[in-house]
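In what follows, a structure is listed as structure tokens, so that the remarks can point back to it.
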Amino acid sequence: MTTAALVRDLGVALAPDRVRAGALELALYERDASMLTGQASVVCFPTSAGEVSAAVRVCRDHGRPFVPRGSGTGLAGGATPLGQVAPVVIVTTKMNKILEVDSEQRFAWVEPGVLNLDLSTAVAHLGLHFAPDPSSQQSCSVGGNVANNSGGPHCLLYGVTSAHVLAMEVVLADGSVVVLGGIDPEPEGLDLRGAFVGSEGTMGIATRIAVRLTPLPPCVATLLADFSTIHDAAAAVTGVIAAGIIPAALEMMDATIVEVVEAYVHAGFPTDAAAVLLVEVDGLRGGVDVCTSDVEAILKAHGAREVRVAADAAERAAWWKGRKSAFGAIARIAPSYYLHDCVIPRTRLVDVLDEVGRIASSRDLVLGNVFHAGDGNLHPLIVFDRRAPGVLEKVHEAGRKIIETCVAAGGSLSGEHGIGIEKREAMDLVFTEVDLEAQKWLRDAFDPEGRCNPEKILPRGGSRCGDISSLPPGAWV
Amino acid sequence: MKDALRSFADQIGSEGPVAVAGGKTHWGVGGWPATGTKEVAAPVGVVAHEPAEMIVRVGAGTTLEELRSTVEEGGQFVALEADDPSKATVGGVLAVGLGGYRRLGWGPVRDSVLEMTSVTAGGEVLRSGAPLVKNVTGYDLCRLFVGSLGTLALTGEVVLRCRPIPEAETWWVGEGADPFAVAAGLYRPLSVLWNGIHTWVGLAGYRVDIEDQARTVLGRAFRPAERPPPLPGRLRRSLTPRDLRALPSTAGVDRPWLAQVGVGVVHCGEAAAERIGPVGPPSSGVWDLHRALKERFDPAGRLNPGRSVSGVAAGAGV
Amino acid sequence: MTLRLDPDELAACVSCGLCLPHCPTYRATGEEMLSPRGRIAAMRAVDAGAGIDDAFDRMMQTCVQCRACETACPSAVPFGRLMERTRQELAPRSVPAWQRLGYKALGSHRSLVGLTVLGGAAQRAGLVPHALARRLALPKLPMRQARLVPTGVDVWLFTGCVMDAWQRRVHESSIEVLDALRVGVALPGPGAACCGALHVHAGLHDEAVRLAGRTMGAFPGTAPILVDSAGCGAALKDYGHLLGRAGAAAFSARVFDIHEWIASRADQLPPAIDGAPRRRIAIQDPCHLRHVQRADSHVRTVLRPYGELVELADEGRCCGAGGAYSVLQPELAGLIRTQKVAAISAVEADVVASANPGCSMWLGAAGVPIRHPMEIVADAAGLHRRRWRPGRDRKMSRWLASSGKFGSGWKR
Ligand SMILES: Cc1cc2nc3c(=O)[nH]c(=O)nc-3n(C[C@H](O)[C@H](O)[C@H](O)COP(=O)(O)OP(=O)(O)OC[C@H]3O[C@@H](n4cnc5c(N)ncnc54)[C@H](O)[C@@H]3O)c2cc1C
Ligand code: SF4
Ligand code: SF4
């Protein structure tokens, strides 16, 4: 059937003005924040679960795949439309209502398009917040967080999204609607809720989500420590954890990052430091005081030149703003960046950072590191100008080497951004065929015909050498 | 351990009904294995505890007691509970997937699992997750397997998240206090338990904080307790946290029950369980998904035949 | 046709999406077409040869040019410049003759005053169709206004077009407040009738340059030029860039938002009248104050002695007025305003302070009790009495009384 017929039927299912197929508009939905480019056939904006279900049924009738999309801040190409036939992009941004807030039972039912930070802002007067706090939290949707099982600095203590989702209503690939999980703690049957979280939009579209709300800590202390070598900083991270302390957040930024971030936020970061650690401890006053002085002592013992404690909420906010805008601010050095997301055993931080640095410098690439040090979640950031001849090949090659280095150190492909298209061909670096086959069983049980966000996460077979440069054209450009 | 896993897989083979026997503390949950089911044992022993990584790799046949004592040496603990830790095995606790009294503070069992090495119905070794405290690489089969009663794969070895042992853990008991107000007033309590008359409170963390909370929130109505109360019965019910309020009338105060305030789990015996009523079955759509999963993971139905994940919380016997 | 945008400026956008929630049109619709990221991607496509069509034109015309995206953007994409250039390229096809006439009128003080009197008369005679009045968000147009009287030569007060014609009482208050600071105010001649901001936004570059030249001529000497309209202030401060001449840059350096200038003398502000009720003042940040002049903190400094300041929870998002935007894109502007009004009514405030005439008119038309900070200061410090005008003060006290009632009406 033709695209015109598809547009017509979707228009009937939704409303004609919320179904778009103009070339310019389609181009805006051909990728997410990753710059991995695909091709959409239609973009539509449902406003209710009923409409999502109707749209999915139309896709089924027309034999079209579909791709769920939230705010499009994903970094692994999860919302990039790929498929044998160009998929329909189903955007949840117009489903952005907070449906119910239950402060007694500490949860909220929200529509998937609600922005992460909006939710926390809306419940702050109740002394609550939604704990997962990706650096993109002002922009990313709760639906996207669920699909990617997103993390953030404070997930070190509070846990990633999966620990904060109680239940959700999902439209499956055949258009049927199911509720997975529940408000009660031990719903009957398998933990399908847990299986859905992190499935990157390949098992259905979440249309309503019950998220746990966490009390705001009564007391917070934020420490900023600067080091003259990255080694000292990394050793301090291990030192804190070894002392039996799990801070609320434990973040590292290297000199390259500190410099651009300071230029953006003017938060008073020491621009002459080789590395900066941002440590936050929270809880009750007494414990926070004890913990703050313990952490301070450990940082100093590991060679911190200076440890500052944020004087007030404004200073803390400025530090976090700096940390959270690092990815964007890097464009002040060069217009393109390729951001990696790997996890490694925390104790390997020093060697892996060394090796990653060598990988970049031997190729004359500028590299910055800004990451969740507390849980070993690296974000090496290669900055380049794609207009320079030959640079793309070098960036790809470095990217592959970085992944290999992390995996060789006992790490894994992604700590929070997901696999999407970006890393699907690297999956066999960490999984055997049996492992991947079993993952496919799960996916197939939810979507036997493979119509929901095809070509994501699992390798396409064929090329099985973990070769990242076998990506679609336009990757990371 | 590679060898132990290999021989675990060999025992399971690829044909015939099979189940893993752990401590058999919850052997009847979800139904008794069909007669003729071969019983195999999972590898036993702590393979490696890495305190700096906050992880421990352990054979699924290891008892919770052994796990605890090993990890404790590194100043850490694993957030798994069982009523008989000297018998209950890690694999068994994960297969059943139900937590103990400290769920309010520790979170559900599934959040402690980082990696699982299992054997599929086809007899092949299957790894999911990674031995890392943070990881979103691929589909989350671990969460699918926790609480699956071994109906999708049989687990041989797992990597669990460890946490630092807090400076102190103390218990308190009081009478007449509103347990819901107490739970709401405390900051991140470990546990609040209520039997309709008494309220037990578990607090863990820095000593200063515990003292402060005990003074300002618990007050005179509470006195220190040695330990949490014993289980009132082997059954459990899952209610929304708010529905617990009605327990004195729904379950009655004369029949023993113990509710986890803020969580919704009710531990009870037959009598109270009956009064509260059974847990509703999953919807038909959800049930279809269960069937679709079982068809793919275990088409011949050889893993734990006779057991069903529906009815786990209802606790079909012990 | 291409837009001839600076490729480096375009390349600076890394598509991270951090600007999305700050963009009023994206917030109102959730569509990439109406987002900064989408607009930049479209500009890039055009410069790569995609061609300009109606869809592209709409994407650009629907931008309020609030520049919130610029403040939010960590990689410093100069969105305002990109959009101004784009509008300039689009102007020949996108700005119809009737609009050009309107922009011309803005540049001529006499015709604006004339039209105002005519319009005011028509309003009173019931001749202006309701729908049109609403669309234009017209306040009740003043028929007669007191002449402004200069009080000295220490600073210039920029009087402007719409503001001087329709909201002269704001200028009066500004002069009164400066008077209390013992600062003498000089007033420009008719040459300062229009700063050209709206022309820049519409892409009418040549007209804007002409007006800028004329405006500069109206402020001889070196005295600071104070501006009590956020939009005009932003435009005057940009003359250096607009004209690309050293003289223009020197002129721009003399320009201050009035709050910015007073803030450094805040300790000399007169006290509030004894016994006056301390009102809760919600701050509405005009985009061109917050995102362009980045002078939003100064408004707070100036107002703080006179009431309890209340922040809105929307991080200063645009109200949808946007110069001529509310007239040209009434539907989107209405959606945006609805969100703003919701944010305002969520806080309990007696009065809302806005340092931009466009925002005041636009929100005032939706029933928001909105006043210029200078008016609030002059009221609270009792400065109106210095130049006693019975008619006005009666009105003022009536307003004060009614705003008290209105205030409680705003409580949730
Ligand atoms: C500057 C920047 C910083 C970031 N920082 C972090 C960070 O600290 N931690 C982190 O984890 N991530 C981070 N990210 C990545 C990204 O923001 C997160 O993955 C986020 O959760 C994606 O949300 P989204 O709404 O933008 O989803 P999208 O990008 O629109 O979609 C992401 C995936 O979710 C699927 N999806 C979306 N909505 C639904 C739904 N309702 N149902 C089913 N599937 C759905 C899509 O198909 C896609 O696969 C960052 C990104 C940027 C640009
Ligand atoms: S304009 Fe700035 S904030 Fe917006 S997407 Fe581009 S780089 Fe990100
Ligand atoms: S200037 Fe304002 S309306 Fe235009 S894209 Fe930026 S934020 Fe949106």
Surface/4 estimate of mean projected area, convex hull on alpha-carbon atoms of the range C:204-329, nm²: 9.8
How many Cβ atoms of partner chains, on average, are near each residue of A:24-31 if near means within 10 Å of its Cβ? 6
The range C:282-291 - phi-based ³J(HN,Hα) in whole Hz, Karplus 6.51/-1.76/1.60, Gly and Pro as x: 7, 9, 9, 8, x, 4, 6, 8, 7, 8
So what's the angle, to the nearest 10 degrees on a 0 to 90 scale, between helix A:230-242 and the longest Cα principal axis of chain A? 80
According to a simple spin-label model (label point 7 Å from Cα along Cα-to-Cβ), what is the distance in nm between C:L101 and C:E348? 5.1
How tilted is helix A:255-265 with respect to the longest principal axis of chain A? Cα atoms for both, answer in degrees (0 to 90, nearest 10). 70
Peptide C:67-75: average number of partner chain Cβ atoms within 10 Å per residue? 4
As a Kirkwood estimate from alpha-carbon pairs, the range A:289-448 has a hydrodynamic radius in angstrom of 18.2
Give me the Debye-computed log₁₀ of I(q)/I(0) at q = 0.19, 0.20, 0.24, 0.27 Å⁻¹ for the range B:1-79, equal point scatterers on Cα only, no solvent, two decimals. -0.89, -0.93, -1.10, -1.22
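Taking 60 Å as R0, compute the FRET efficiency from the Cβ-Cβ separation of A:Q84 and A:A314 and round it to 0.05. Let's see the in-between values first.
On the way: r = 53 Å, r/R0 = 0.88.
Efficiency computed from Cβ-Cβ geometry: 0.70.
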If you count only protein heavy atoms with a 1.4 Å probe, what accessible area per residue comes out for the range B:169-246, rounded to a whole Å²? 48
Quick check for you: with a 1.4 Å probe and neighbouring chains kept, what is the accessible area per residue of chain A, in Å²? 30
Taking only the C-alpha atoms, wrap a convex hull around the range B:150-211 and report its volume per residue in Å³ as a whole number. 147
What Rg and what Dmax come out for the range A:82-215 when only alpha-carbon atoms are used, in angstroms? 14.3, 48
Under 16 Å from a point placed 7 Å out from the Cα of B:L231 along the Cα-to-Cβ direction: which residues of the range B:55-86 have their backbone N that close? B:64-65, B:80-86
Once the principal axes of the Cα atoms of the range A:219-324 are found, what is the range along each, listed largest first in whole angstroms? 36, 30, 18
In degrees, nearest ten, helix B:284-297 long axis to first principal axis of chain B (Cα): 40
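Please find the FRET efficiency linking C:D57 to A:D102, where r is the Cβ-Cβ separation and R0 is fixed at 56 Å, and quote it to the nearest 0.05.
Once the sixth-power term is evaluated, E becomes 0.75.
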With each run of n ≥ 4 DSSP H residues scored as -39500 (n - 2.57), what mean residue ellipticity at 222 nm is computed for the protein assembly as shown after dividing by its residue count and rounding to the nearest 500 deg cm²/dmol? -10500 deg cm²/dmol
Evaluated at q = 0.16, 0.19, 0.24, 0.25 Å⁻¹: base-10 log I(q)/I(0), Debye formula over Cα of the range A:3-91: -0.54, -0.77, -1.19, -1.27
Using only the Cα atoms, what convex hull volume per residue in Å³ does chain A have? 146
So for the range B:19-128, Kirkwood radius off the Cα pairs, Stokes-Einstein at 10 °C and 1.306 mPa s: how many µm² s⁻¹? 108
Summed side-chain charge close to A:A76 - residues other than A:A76 whose Cβ falls under 15 Å, Lys, Arg +1, Asp, Glu -1: -2
Kirkwood Rh over alpha-carbon pairs of the range C:247-399, then Stokes-Einstein at 20 °C and 1.002 mPa s: what D in µm² s⁻¹, rounded to an integer? 130
Please compute the average number of Cβ atoms from other chains found within 10 Å of each residue's Cβ in peptide A:320-332. 4
On a straight-distance basis, which lysines could pair with B:K294 in a cross-link, Cα separation under 16 angstrom, same-chain partners fewer than 8 positions away excluded? A:K440
Between A:L126 and C:L148, what FRET efficiency comes out of the Förster formula 1/(1 + (r/R0)^6) with R0 = 45 Å and r the beta carbon distance, rounded to 0.05? 0.35
Computed over all unlike Cα pairs, the Kirkwood hydrodynamic radius of the range C:7-93 in Å stands at 12.8
Near the amide H of A:C219, under 5 Å away, which other amide H atoms are found, from residues 5 or more places off or on another chain, if H is placed in the peptide plane? A:G283
Interface A:B - total buried accessible surface [probe 1.4 Å, Å², rounded to 100]: 6100
How much of the accessible area of the protein assembly as shown, in percent, comes from carbon and sulfur atoms when a 1.4 Å probe is used? 54
Over all distinct alpha-carbon pairs, what is the Kirkwood Rh of the protein assembly as shown in angstrom? 32.6
Return the aspartates and glutamates within reach of A:K401: Cα separation strictly under 17 angstrom, same-chain partners fewer than 8 residues apart disregarded; answer none if there are no such residues. A:D341, A:D351, A:D354, A:E355, A:D364, A:E393, A:E422, A:E425, A:D428, A:D467
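The values are calculated or read from the model by the stated rules, or taken from the named source; none is laboratory data. Keep in mind it's a predicted model, so treat the numbers as computed, not measured. For neighbour counting, all protein chains shown are included, and Cβ atoms are generated from backbone atoms with ideal geometry for every residue, glycine included. Areas reflect the complete protein model, heavy atoms only, side chains present, ligands, DNA and RNA absent. Shrake-Rupley method; radii C 1.70, N 1.55, O 1.52, S 1.80 Å.
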